[in-house]
Every structure is written in structure tokens, then in C-alpha cells.
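Step one of this worksheet: look at the structure below.
Just so you know, all these numbers are worked out from the coordinates, no wet-lab data involved. Everything numeric here is computed off the predicted structure, so don't read it as measured data. So basically every Cβ, Gly included, is an ideal-geometry build from the backbone, and we count neighbours across all protein chains shown.
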Amino acid sequence: MLIFSVFKTLTDQQVTVELKNDLSITGVLKSVDQFLNIRLDNIKVLDEARHPHMMAVKNCFIRGSVVRYVQLPSEHVDTQLLEDATRRESLAAVKR
Amino acid sequence: MEPSSIQEPFDLIRLSLSERVFVKLRGDRELTGILHAYDGHMNLIMSDVEETIMLVEGDQPGVAPTVNVAKRKLDMLFVRGDGVILVSPPSRT
Amino acid sequence: MDDESTPPPPPDEHAPPPPPPQTHTGSPTDFLKGVVGKRVIVRLTSGVDYCGVLQCLDGYMNIALEQTEEHVNGAITNRYGDAFIRGNNVLYISAAEAI
């Protein structure tokens, strides 16, 4: 839930999603859901020469399970807030 | 009994928040970076990350395999938990 | 509240008296309770072994190890003061000293 919230705060920001098949896609984060499925707009594939079929694609939906990394804009991530929220969530998880 | 206050494995990770950690991932990848967030899936958010990718070449028996190492730096990174094998905090003393 | 570590068996007139506890009997859970704090070898599905002191584990078999050595094909490849291992990678946990 915590990480879902983080992604929600990053909507309309530029991110780079790296998939488990090594494809990297940069685009504007349009939406995210609880499974961390991701919708990207204005996409650009990092290595277009290797993936020419992606050149015509302007936006996409990425299933959360195929994501390896997402590079985030650090200026829009409050690390102190993240750490506090993570501690709070972990304590709540123990109480369950 | 234990000098530490670790009752469950995630305590180890919680005590590493805002510290530099080592992460071993599937696919012969390793990361070091500062841990800012995690959840029960071991999804991670880290900053100031250096990724090391080990590319092993030469699988034939009798031939010493050569390991090529590729490194890159990433500013702020979300790591999906299903790829995580091991997380090691900085050594506590 | 009573100590839960050895719950008395349900009364049963026909059952023989329970044998004295041995290391070779007991459920997997009993084994895991027994190895906490002991040296163990954790083998991952990848074939990599981690030898260290088992600090604790949870229901997913996430594991916290102390003074850990990473062994690949018999050679030590890494040492960690502490290590968290994500449970899905675990093939087995083996006791490396008497329980």
C-alpha cells in the first residue's frame, strides 16, 4: 500500500520503467494500481534500434509483475517521509 | 538472549532504513544504495544506487569462464520485490 | 498464561505414553523452532548456500542470518554480518550443529 501511494504521488512525472526482459521505457506516469500495474504516456524506448517495433507506440500499459526497476525523479521523492511511513507501516504489520 | 531486538526477519530491514544496503537480485545483479522504503513483498525504494551486472561468458567445460562486470549509477530507484534474493545491512557492531 | 513451548497432548487413554523427545522426531515447525539461534546452512533454489547463525524466520521462510558466509560451488564468495533472505528463494534449511 505504501509503495502504491508513492507511485500515486508521482503521477504526471517522467519515469523510466525497466522490464525483466531488459526493455527500458521512459514516459509520463499516467496511472498506477494496487498491483503496481503502470500506464505510461509519451513513451520512448531506450534502445530503439533493438526494438524497432516499439517506435510507433505512443502509450502503454505495463503489467506490474514484469517490472524489474522504476527509475524515479528524486526531486519528487521525500526520503524522510518515506522512511517514517515505512516504519509506521511495518509496526502496523507486526500488530496484525 | 540476543543482543539485538530482532524478532522477525523484517526487523533487520527496518533497522537498515536510511542506511546503505547491499541487495542481491535474480539475474546476476547486485545493488548498493540507501534504503528509504520497503514493504512486505520486499519492494524497495533506494537512492544513490550503484548496480553491478555480472555477465558470465564461456560455459564450455575446461574453459575458464570470463566474468564481465557492468556498472551503472541510478539516482532514485524502485526495485520490485520478486527479484530480491538477499538484503544485507551495513554491519552492526 | 502458561508457557506454550510444550503444549500437553490431548488426553487419550489408548495412546501409549509419548516417547522422550528426540532430534529425529517432531514436525517441521518443531525443527525450525529448534534451529533458531544455531548455525544453519540455507540452500537456495539457485544452488547457492548460506552458512550462518539463524536469528529468526517467518511464515514465508524469510530468514535473518548472522555471521553469514556465501558458498558457491564450495568456495566462499561473500561474507555478511547480517543477511535477510527472501523466503521464496529457499530450497531447504539444514542444521549445521546439534539441535
- Query: Dipole of the protein assembly as shown, Cα-centred, from +1 at each Lys and Arg C-beta and -1 at each Asp and Glu C-beta, to the nearest 20 debye?
  - Reply: 840
- Task: Would you list, by chain and number, the aspartates and glutamates whose Cα falls below 15 Å from the Cα of A:Lys30, excluding same-chain residues fewer than 8 positions away?
- Result: A:Asp12, A:Asp41
- Query: Got a sec? Which residues in the stretch A:65-80 would a label at A:Leu19 touch, if it sits 7 Å along Cα→Cβ and we count backbone N under 16 Å?
  - Reply: A:65-71
- Message: For a quick size check, give me the Cα extents of chain B along its three principal axes, largest first, whole Å.
- Response: 49, 34, 25
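Once you charge only the Cβ atoms, +1 for Lys and Arg and -1 for Asp and Glu, what is the size of the charge dipole of chain A about its Cα centre, to the nearest 20 debye? Walk me through the numbers on the way to the answer.
On the way: 13 positive and 12 negative charges, 83 e Å.
The calculated dipole for chain A is roughly 400 debye.
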- What is the magnitude of the charge dipole of the stretch B:39-84 about its Cα centre, with +1 placed on the Cβ of each Lys and Arg, -1 on the Cβ of each Asp and Glu, and no other charges, expressed in debye to the nearest 20? 80
- Query: Straight-line reach from B:Lys24: which lysines have Cα under 30 Å away, leaving out those fewer than 8 places along the same chain?
  - Reply: A:Lys8, A:Lys20, A:Lys44, A:Lys95, B:Lys71, B:Lys73, C:Lys33, C:Lys38
